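The next block holds one structure in the form of C-alpha cells; read it before the comments.
The values are calculated or read from the model by the stated rules, or taken from the named source; none is laboratory data. What you are looking at is a predicted structure, and each value in this text was computed from that prediction instead of being measured. Here Cβ is always computed from backbone atoms with ideal geometry, including for glycine, and neighbour counts include all displayed protein chains. Remember, those area values only see protein heavy atoms, side chains included, never the ligands or the DNA or RNA. Shrake-Rupley method; radii C 1.70, N 1.55, O 1.52, S 1.80 Å.
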Amino acid sequence: MLDHRSDEELLDQYHAGDAEAFRSFYRRHAGRVLGYLQTKGLNAQAAEEVRQEAFLRLHHSIHRYESGRPALPWFFTIVHNCLVDSIRQSQSLMKMKNAWQNKGPETVTVQDHAEDEDPGTAILNSLSAEQRQVVELRVFEEKSFKEMAHTTGKSEVALRKIYERARQKMRGFWNGEDA
C-alpha cells in the first residue's frame, strides 16, 4: 500500500500512537538504510543487525522527535550512531579475539584489562560463563549456530538468545552502563 504522507507526518503520527505510520516509514526507508550501511562497508548480516537496531532506537527516541523537523536527517543521525556503535563493538570483539588467540581463553582475565588497558577482556569477563562460551564459539571460533548446537547440546534458538543477551550486555558495558 502506497502511503502519500510525508516522512515528517509519519513520524508525527507515530509519536501520536499510529503504529501504521511506523510501518509505512519502515517500508519506505528500510532498503535505503540497508544500502547506506553496506556502502559504509558492512556485510549483509551486519548491515541487517544495525538496521534493526536503528529502527529500534527510532522507536525508543520518537518522543525526542520535534514536530516539523526534517525527518530523514534526524533518523539518519540515529542510523549513523548505530553504525559507529557497531564498529566500536566489532573493534572491541577483535581485540578480545586477538587476546584470546594469543593468550588462550583460560588466561584472559580482568587483570589483563588493568595492565594492558584493553577494554575487550573486561567486556568478555563481564559475561556469564555460558555467555562467554557462546561468544567464544561464535566470534572467536567462527562457528555457525548449527555447529554450536552440535557442540553444546543446546538448541539453535537457545544459543541465539544467549548470544543476543551477551551482545546486549557487551553493548551496555561498552556504553558505560552497569552490566
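Quick notes
- Residue match in region 24-35 (condition: closer than 21 Å to Asp85 by Cα, at pLDDT below 95 and buried (at least 19 other Cβ atoms within 10 Å of the Cβ)): no
- One residue from Leu93, Leu83, Leu137 being buried (at least 16 other Cβ atoms within 10 Å of the Cβ), within 22 Å of Leu56 (Cβ to Cβ) and modelled with pLDDT of 85 or more: Leu83
- Selection of region 37-72 for residues being touching a residue at least 12 places away in the same chain (Cβ under 8 Å), open to solvent by 60 Å² or more (accessible area, probe 1.4 Å) and not in a loop (DSSP other than H, G, I, E, B) yields Glu49, His59, His63.
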